[in-house]
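Only one structure is covered here, and it is reproduced in the block below.
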Amino acid sequence: MNTHSSSAVSSSNWAIRVLPLALGMFAIGSEGLVIAGILPDVARGLNVSISAAGQLVTIFALAYALLGPFLTALATRFPIRRVLLGALIIFAVGNVLAALAPSYGLMVVIRILAAIGAASFQGVASAAGVALAPLDKQGRALALVWSGLTVALVAGVPLGTFIAGLASWRITFAVVAALAALAALGIVVLVPELARPPIVTVPMFGRLMRRSALLAILVTTLFAIAGEFVAYTYIAPLVTLLTPGSEPFLALILLGFGIAGVIGNALGGTSADRFGANRTIVVSLVFLLGAMLLLWGLNFVAVSVVTIILAALAATVWGVTGWSFVTPLQSQLLTTAPEQVSVTLALNNSALNLGTALGGAVGGLIVSSHVGFLPLSGSIFIALGLLLHQLVVGHRRPSLSPSASFRTTSVTPEGEKIEQPGR
């Protein structure tokens, strides 16, 4: 069975058809990260502590992580276009409700609803992007889909923080809902009907989790991301502590962090190709650990021009290294299970979001007592991830070529076996 729509493959405007998918990823990426920048406003608006408001990040990420594999398996039972539209509608409704939420308890339920939409969309957006492009353009299509998350890091998060400073945090959620609705409209207009993806079942996830190297990579990802999000979830009060914080200043810091993240993402892939995935992971995590320790050390020095410069330097290193280890880890992950790429990447998404949830939960316990100790706690998680990775995975040699790791054999609903590119 051919997973491509013939009209999509032969079309010369495939990039235009993929743009709504990138916009959807931009909306989801902006919403998932921006709450860290508007946390004090959300806390005041819902009459809760900053620690409690931070758990909204944890709840979203935890719901995504736990429900993601089940939603990925469920989504393969329906046409891709229908799943994309349904997911964006759920996500948009969740953000409209977030903008109107009168209480913290209701906001918790709303965050779970938004996570269901986000996980359902991201689980099939890559497959849709590949299916819309000709065979020789699939890599570019995949990069275009995921560029939405990169742009969210650079533009969406600081813009959302800036909007909250000018108007209200509720307007930020409303803007995200509008972006999701616009992406859904783009899918209606531009994306044709696509064949169903190969069937994925829940037991596939359990079988892969029995592989020690794969499990170690997933836990490394979880610990490293947790180390980042212990501090990132509460970056607003952290920046206020270490610098003369204000809404515009925080937006500027987040913009710089986002630009550094884009650079780090590019460097991670390039470095892995040139120097090897393992070396890139080690160097990235070591420098990330150093940046966290520097931010912690600044707690013991009075705020001055020098400390502000050092804080900005640490944030830049954090932005670069915090993204440069993700691609090499994903590359190593794919070599452990090249026959089930889509399932492996779904597990990777769950590990990323479990790390986000764990970081937010631990950060919530710390921020109430001393904001400045957030980076120290993050550095402990990062060190544990680095140690685990080197003990279990660091000595392994790649089992296959990079190109081979991006192909997998799956079974269609009709029982036909096909080989397809990985996501």
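Bear in mind these aren't lab numbers, they're just calculated from the coordinates by the rules spelled out. Here the structure is a predicted model, which is why all the values come from computation and not from measurement. Don't worry about glycine lacking a Cβ; one is built from the backbone with ideal geometry, like all the others, and counts go over all protein chains shown.
What the table below lists for this structure:
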read-out	value
Dipole in debye (nearest 20) - the range 1-200, about Cα centre, beta carbon charges: Lys, Arg +1; Asp, Glu -1	220
Mean Cβ count within 10 Å, highest first, over the residues of peptides 199-212, 216-229, 324-337, 42-55	216-229, 324-337, 42-55, 199-212
Listed residues PHE173, PRO375, ILE263: farthest to the positive end of the dipole of the chain (Cβ charges)	ILE263
With Cα atoms, 0 to 90° folded angle of helix 157-166 axis to the chain main axis	50
Residue-count net charge about PHE325 - beta-carbon cut-off 14 Å; Lys, Arg +1, Asp, Glu -1	0
Per-residue ³J(HN,Hα) for the range 286-303, Karplus 6.51 cos²θ - 1.76 cosθ + 1.60, θ = phi - 60°, Hz, x for Gly and Pro	5, 5, 5, 4, x, 5, 5, 5, 5, 4, 5, x, 5, 4, 9, 10, 5, 4
Charge sum, other residues only, whose C-beta stays under 13 Å from TYR64's C-beta, Lys/Arg counted +1 and Asp/Glu -1	0
Protection proxy ranking of 295-308, 273-286 - average other beta-carbon atoms within 10 Å, highest first	273-286, 295-308
Among GLY105, LEU23, ILE199 the positive-end extreme of the charge dipole of the range 1-200 (Cβ point charges)	ILE199
Debye log10 I(q)/I(0) at q = 0.12, 0.23 Å⁻¹ for the range 284-341, Cα point scatterers	-0.41, -0.84
Tilt relative to the chain, helix 374-392 - C-alpha long axis, 0 to 90 degrees, to 10	40
Two-site label geometry, MET209 and VAL189: point separation in nm, points 7 Å out along Cα→Cβ	4.3
The chain, dipole about Cα centre (Lys/Arg Cβ +1, Asp/Glu Cβ -1), debye to the nearest 20	620
Ordering of 24-30, 129-135 by burial proxy (mean other Cβ atoms within 10 Å per residue, highest first)	24-30, 129-135
Distance between modelled label sites at VAL306 and ALA155, nm, 7 Å Cα→Cβ extension	4.0
Charge tally in the Cβ shell below 14 Å around ILE16, where Lys, Arg are +1 and Asp, Glu are -1, ILE16 excluded	+3
Angle in degrees between helix 247-275 and the longest Cα principal axis of the chain, rounded to the nearest 10	50
Whole-angstrom gap from the range 191-212 to the range 24-49, using each part's C-alpha centre	31
Signed unit charges on C-beta, dipole axis of the chain, positive-most listed residue GLY290, ILE35, VAL393	VAL393
About the Cα centre, charge dipole magnitude for the range 202-423 (Lys/Arg +1, Asp/Glu -1 at Cβ), debye	540
5 angstrom amide H check on LEU194, placed H, neighbours 5+ away	ILE80, ARG81
